[in-house]
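K.L.:
Just passing along the structure, written as structure tokens.
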Amino acid sequence: MSTAVITDSTATLPAAVVAEHGIRVVPLQLVIDGGERIEGDGADASVVVDALHRKAEISTSRPSPATFLRAYEQAAKGGADAIVSLHLSGGLSGTIEAARAAADEAPVPVRVVDSRSVGMGLGFAVIGAARDAAAGRELPELVERAELRCAATSVRLLVHSLDRLHRGGRIGGARALLGSALAIKPVLHMVDGHVEPLERVRTAGRAIARLQELTVAECEALPDWADGVEVGVHHLDAATRAEPLAAALAERIEGPVELAPMSAVIGAHVGLGTIGVVVSPRPR
């Protein structure tokens, strides 16, 4: 059986990785000052950074079910007997619901997986699924392994401000931190697919150090089924802090540490200066 792997643009997969593994990517959209932009095709993190600095009006939208159906039909025409479709958290976007609606009309069986994650938290699982598909794993096992990995993946965020999360309605339990003193830097994390508060730390420097310690501790206590770990560091207009963090983690962790700009769509909701760290155990 040939299984195709489909994801969305918030997985932040480089074009070379997409091509290498034969992954199909369905893009989300941004609307900047009334003009629609397609993530990955004219809209990347730099576009959002510029728009945020200009204080432009920014919103995002999910792909339509029809867009997903076209992707599923193209995969089937390309020889796929089945499809696994992995996407960003349903707690943050309606993307997963659009994928499920299209799956009912697809010409081949489609299993839609809610990663309950974002960015490389999704991207690592997608790459793993593509490797499993290439190795000939059947659809049920492929889905089981993807879900196992997603459930064990952590995403932590250090945001400069909660304003954009609040405006976009994606703040979750972190709403309790609104109005905190300016010196307090909120460290957030994904819980069950939603953004929740983790800790409040005084000063950005201490918050970065805390992110590092939490990441290293997690990498030193992997589940028994894991065959190593992959770590990703995202940022939006925060390279001067994210790059040293990634370098420090690479010195302390056995395994790759990837540094990448944040998804344009996700960046539009978290705002300038955000740093994210993903820890993704890799199944044997």
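The values are calculated or read from the model by the stated rules, or taken from the named source; none is laboratory data. Keep in mind that this is a model prediction, so the values were computed, not measured. As a convention, Cβ positions derive from the backbone with ideal geometry for all residues, glycine included, and neighbour counts pool all protein chains shown.
K.L.:
Residue pairs, Cβ under 7 Å, 6 or more apart or interchain, first in the stretch 208-227 and free of Cβ contacts under 8 Å to residues at least 24 places away in the same chain and surrounded by 17 or more Cβ atoms within 10 Å (Cβ to Cβ), second of a type in the set (Val, Ile, Thr) and in a strand (DSSP E or B). List them.
P.N.:
Taking only residues 6 or more apart or on different chains, the pairs are ARG210/VAL187; ARG210/VAL201.
K.L.:
Please go through the stretch 254-268 and pick out each residue that is outside any loop (DSSP other than H, G, I, E, B), at pLDDT below 95 and surrounded by fewer than 24 Cβ atoms within 10 Å (Cβ to Cβ).
P.N.:
ALA260, PRO261
K.L.:
Residues in the stretch 149-159: is at least one modelled with pLDDT under 95, in contact with a strand residue (DSSP E or B) (Cβ under 7 Å, 6 or more places away or on another chain), surrounded by fewer than 20 Cβ atoms within 10 Å (Cβ to Cβ) and not in a loop (DSSP other than H, G, I, E, B)?
P.N.:
no
K.L.:
Being more than 18 Å from the chain's Cα centre (by Cα), modelled with pLDDT of 95 or more and on the phi > 0 side of the Ramachandran plot narrows it down to one of GLY119, GLY136, so name that one. Don't jump to the end; show me each part of the working.
P.N.:
On the way: GLY119 fails: more than 18 Å from the chain's Cα centre (by Cα).
Going through GLY119, GLY136 in turn, the sole match is GLY136.
K.L.:
Quick one: in the stretch 263-277, of everything that is of a type in the set (Gly, Ala, Ser) and out of contact with any strand residue (DSSP E or B) (no Cβ under 6 Å at 6 or more places or on another chain), which residue is farthest from GLY90 (Cα to Cα)?
P.N.:
Residues of the stretch 263-277 of a type in the set (Gly, Ala, Ser): 263-264, 267-268, 271, 273, 276.
Imposing the further condition that a residue be out of contact with any strand residue (DSSP E or B) (no Cβ under 6 Å at 6 or more places or on another chain) reduces the set to 263, 267, 271, 273.
Numbers: SER263: 16, GLY267: 17, GLY271: 20, GLY273: 25 Å.
Per the stated criteria, the residue is GLY273.
K.L.:
Does the stretch 27-44 include one or more residues that are surrounded by 18 or more Cβ atoms within 10 Å (Cβ to Cβ), at pLDDT 95 or above and in a helix (DSSP H, G or I)?
P.N.:
For the stretch 27-44, residues surrounded by 18 or more Cβ atoms within 10 Å (Cβ to Cβ), at pLDDT 95 or above and in a helix (DSSP H, G or I): absent.
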